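Take a look at the structure set out below.
The values are calculated or read from the model by the stated rules, or taken from the named source; none is laboratory data. Bear in mind that the values here come from a model prediction, so they are computed numbers and not experimental data. As a convention, Cβ positions derive from the backbone with ideal geometry for all residues, glycine included, and neighbour counts pool all protein chains shown.
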Amino acid sequence: MNAEPQLYDFRSPSRFSREQLRALQMATETFARQMATILSTTLRIVAHANLEDVVQTTYDEYIGRVPNPSLLAILNFAPLEGDGVFQLPMDLVMSVIDRLLGGPGTSKQPSRALSEIESGLIRSLVKQMVWELRYAFESLGGVKGEVQSMESDPQFLQLAPPSDAMIVAEFEIKLGDQTARSTLCIPVETIAPVLDSVHAKPEIELSGAKAEAAESLKERMHEVPVEVRVAFAPIALPSRDILDLEVGDVLPLHHPTNQPLTLEADGIPVATAVPGSHGKRLACQIVTS
């Protein structure tokens, strides 16, 4: 089965290897679990936080997707360069504040900027959650995020040029019967030095009986028969022509005589070849591989 094609944005090429992205995913998954623990213990209610995705995007694209209003905690990562954003949806924030004040914390909450008293109540909780970034990234060298300030309108944030690359982790938070989405945005220039220590695992060198078994397996694999075909360029026909095909019909292939044929192994193109003969047998000669 062929792998599904993946979209690639040439305007924002990825700067991380597969191993680095996996390490980043594991760190943000840890952050999500710690975030759920803090919400559960603080509010005395069952809370869940799951990592949905980790993507690379530009700062302008990220700000354009952030709901307005939202709770936007501006983060400083000193001594690392760049500032980040931890975003929480305003309906979830209002529900948390309602519970902190002894209310039921229903999902029907006002969507507006926070008052000074409400900001003071939620700031302490947000600082606790952001502090968990240190624990989540500890194995990678540490990311010490601290809350500098909080805003509600994403258009007021001018933390980076619009085209700057950002890593955005998206979370799904469940608080009782309420479900909301939160994001953590960190500049690539901030996270790149942390991930520099992550490299592909070195190839394990086998010895003794294991090495002999591996070599024997490799030799046997070379003897496995694989179906190989030489094919002309495919043609397209409407379904009505296919249904009307009869014995003796001739189909033009439109394959130029100077164009090599495609050599396929188990349906996968591996080389090109030109047709010919070898003694009394039909054969082909490999021209590119």
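Computed values, structure above
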quantity: Residue in region 73-83 that is surrounded by 13 or more Cβ atoms within 10 Å (Cβ to Cβ), in contact with a Leu (Cβ under 7 Å, 6 or more places away or on another chain) and farther than 30 Å from ALA192 by Cα present; calculated: no
quantity: ARG181 of a type in the set (Lys, Arg), modelled with pLDDT of 85 or more and surrounded by 10 or more Cβ atoms within 10 Å (Cβ to Cβ); calculated: yes
quantity: Single residue of region 93-121 satisfying the filter (assigned to a helix (DSSP H, G or I) and of a type in the set (A, V, I, L, M)) that is surrounded by the fewest Cβ atoms within 10 Å (Cβ to Cβ); calculated: ILE117
quantity: Residues (within 33 Å of the chain's Cα centre (by Cα) and either modelled with pLDDT under 80 or hydrophobic (A, V, I, L, M, F, W, C) (or both)) located in region 95-110; calculated: VAL96, ILE97, SER107
quantity: Subset tally (residues that are more than 17 Å from THR37 (Cβ to Cβ) and without any contact (Cβ under 8 Å) to a residue 12 or more places away in the chain) for region 119-159; calculated: 3
quantity: Single condition SER239 does not satisfy, out of (1) at pLDDT 85 or above; (2) surrounded by 11 or more Cβ atoms within 10 Å (Cβ to Cβ); (3) small (Gly, Ala, Ser); calculated: (2)
quantity: Yes/no for ILE63 being in contact (Cβ under 8 Å) with a residue 12 or more places away in the chain, under 30 Å from ALA23 (Cα atoms) and within 23 Å of the chain's Cα centre (by Cα); calculated: yes
quantity: Matching entry among LEU101, LEU159 (being out of contact with any strand residue (DSSP E or B) (no Cβ under 7 Å at 6 or more places or on another chain) and among the hydrophobic types (A, V, I, L, M, F, W, C)); calculated: LEU101
quantity: Test: residue in region 49-67 that is in contact with a helix residue (DSSP H, G or I) (Cβ under 6 Å, 6 or more places away or on another chain), of a type outside the set (Ser, Thr, Tyr), part of a loop (DSSP other than H, G, I, E, B) and farther than 18 Å from THR28 by Cβ; calculated: no
quantity: Any hit, region 38-48, residues being touching a Lys or Arg at 6+ places or on another chain (Cβ under 6 Å), surrounded by 15 or more Cβ atoms within 10 Å (Cβ to Cβ) and either outside any helix (DSSP H, G or I) or acidic (Asp, Glu) (or both); calculated: yes
quantity: Criterion (in contact with a helix residue (DSSP H, G or I) (Cβ under 7 Å, 6 or more places away or on another chain) and acidic (Asp, Glu)) met by exactly one of ASP177, ASP164, ASP196; calculated: ASP164
quantity: Selection status of ASP83, within 25 Å of ALA169 (Cβ to Cβ) and modelled with pLDDT of 90 or more; calculated: yes
quantity: Residues (free of Cβ contacts under 8 Å to residues at least 60 places away in the same chain and of a type in the set (A, V, I, L, M, F, W, C)) located in region 66-101; calculated: VAL93, MET94, ILE97, LEU100, LEU101
quantity: Filtered residues of region 149-159 (kept if more than 12 Å from VAL66 (Cβ to Cβ) and modelled with pLDDT of 90 or more); calculated: SER149, MET150
quantity: Filtered residues of region 149-168 (kept if surrounded by fewer than 16 Cβ atoms within 10 Å (Cβ to Cβ) and assigned to a loop (DSSP other than H, G, I, E, B)); calculated: ASP153, GLN158, PRO161, PRO162, SER163
